[in-house]
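Heads up: the structure comes next, in structure tokens.
The values are calculated or read from the model by the stated rules, or taken from the named source; none is laboratory data. Computed from a prediction, not measured in an experiment: that's the story for all the values here. Note: ideal-geometry Cβ built from the backbone for every residue, glycine included; neighbour counts use all protein chains shown. To get the accessible areas, we keep the full protein, side chains included, count just its heavy atoms, and leave off ligands, DNA and RNA. Shrake-Rupley method; radii C 1.70, N 1.55, O 1.52, S 1.80 Å.
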Amino acid sequence: MRITNNMLAQNSLWNINNNLRRLDKAQEKISTQSKIQLPSDDPIVATRALKYRNYVSSVEQYQRNIDDATSWMEVSESALGELGNVIHRVRELTVQASSSISEDDKKAVRAEISALRDNAVEILNTSYAGRYVFSGFATDQPPYKVESTAIGDKVTYKGKYVSLGGPVNNAITDGDLINYCQTHLNDQYLETGKQKMQYNTGFGSQIAVNVEGQDVIGQEAGSNLFDVFDKLLLGLDGNSSYKTAEIAGNPPTVTTQTNELSLSTLLDDLDKNLNRVVTVRADIGARMNYVDRAKTQIENDFTTYVTLMSNNEDVDIAQVSIEAKSAEYTYNASLAVGSKAITQSLIDYIK
């Protein structure tokens, strides 16, 4: 087969362009420090890249979840510490009021205990990042509120009475107490199941970060924290007894009962409430330890997956620099050879 000048020129141009593409790819790897720019460059590397990037993205989300969960529980634990201090102070005042003190001192103690009850409500309305930590799923509204009613001040939880049936002042008639309770039968808080705020902290692992307020103050009528506050305030007003209402049956019926009241007997109720707060704090502490361990694990996972992703995608700078230099030499050589082949003409052959 006869080799024409046109064929020499075309082959030279093809080789020059091919070497230029090789040089361009080598220089692109250096500038981007990535093995591929398009999936078609290396489908295997591209497939692995998608998988590793998905892992890294998931781990980064778990890290954000862990940070958020830790902050939520730290806020809750701090609030419970403050509530424990409030109950401690109430107990000290109760011991003081149980001894022989003047009426003026009793009034001062009553005023402080009333303020401490309001302080307890504020603590239980603690929020984190705009979300109320003791409110279950209803994080957009403060869970506790002190409301004035026809039978005295009552504390509500998410708009429902914590303890509808008392304690109330013994001066309130049985008929008035029964009528009030019957009117508000649908307004009493009844536990409908745990409302746990679950956070994903790793591949297949979750942790509940919240504590419901009712688990902190107790749900037993007569001995929950706010019922104890009510009895203390009644006792400091000089009452030696108080009334409660029991709601039972279907349809519900309301019956009243008169109970003796002594400030010294309320110390046991205060101790129960304090122990409950300590128990809840201990539970949060255990969960925080779990999250700390999950954080360490997820940090190790992050390091592992980032390393795998880097090994899969990142170029070896030394190696690619050699490739780029080799491609440059080859390209320059093809230019030099091509320039001679392409410029040949009939005059050159006549010479």
- prompt: Among 206, 182, which is open to solvent by 90 Å² or more (accessible area, probe 1.4 Å), assigned to a strand (DSSP E or B), over 25 Å from residue 265 (Cβ atoms) and at pLDDT 90 or above?
  reply: 206
query: Could you give every pair whose Cβ atoms fall below 9 Å, whose first residue belongs to the range 99-127 and is over 17 Å from residue 234 (Cβ atoms), and whose second residue is part of a helix (DSSP H, G or I) and among the hydroxyl-bearing types (Ser, Thr, Tyr), counting only separations of at least 6 or pairs across chains?
result: 126/76; 126/78
Long-range neighbours under 7 Å by Cβ, at least six apart or interchain, first residue without any contact (Cβ under 8 Å) to a residue 24 or more places away in the chain within the range 157-171, second among the aromatic types (Phe, Trp, Tyr) and buried (at least 23 other Cβ atoms within 10 Å of the Cβ): none
- prompt: Is at least one residue of the range 185-200 outside any loop (DSSP other than H, G, I, E, B) and hydrophobic (A, V, I, L, M, F, W, C)?
  reply: yes
message: When you check residue 241 against the structure, is it closer than 25 Å to residue 112 by Cα and open to solvent by less than 40 Å² (accessible area, probe 1.4 Å), yes or no?
response: yes
task: Note down all Cβ pairs under 7 Å where the first residue falls in the range 190-214 and is without any contact (Cβ under 8 Å) to a residue 60 or more places away in the chain and closer than 12 Å to residue 62 by Cα, the second is open to solvent by less than 40 Å² (accessible area, probe 1.4 Å) and outside any helix (DSSP H, G or I), and they're at least six residues apart or on different chains.
output: 206/199
message: Looking at the structure I just gave you, is residue 110 in contact with a helix residue (DSSP H, G or I) (Cβ under 7 Å, 6 or more places away or on another chain), open to solvent by 60 Å² or more (accessible area, probe 1.4 Å) and part of a helix (DSSP H, G or I)?
response: yes
- prompt: Does the range 227-246 contain at least one residue that is in a helix (DSSP H, G or I), of a type in the set (A, V, I, L, M, F, W, C), in contact with a helix residue (DSSP H, G or I) (Cβ under 6 Å, 6 or more places away or on another chain) and under 26 Å from residue 77 (Cα atoms)?
  reply: yes
message: Let me spell it out: the conditions are (1) open to solvent by less than 30 Å² (accessible area, probe 1.4 Å); (2) free of Cβ contacts under 8 Å to residues at least 60 places away in the same chain; (3) in contact with a Phe, Trp or Tyr (Cβ under 7 Å, 6 or more places away or on another chain); (4) more than 16 Å from residue 277 (Cβ to Cβ), and residue 71 meets all of them except one. Which number is the exception?
response: (1)
message: Condition first: touching a Ser or Thr at 6+ places or on another chain (Cβ under 7 Å) and part of a loop (DSSP other than H, G, I, E, B). Now tell me which residues in the range 143-160 satisfy that.
response: 143, 158
- prompt: So which of 307, 343, 296, 303 ends up being at pLDDT 75 or above and open to solvent by 80 Å² or more (accessible area, probe 1.4 Å)?
  reply: 303
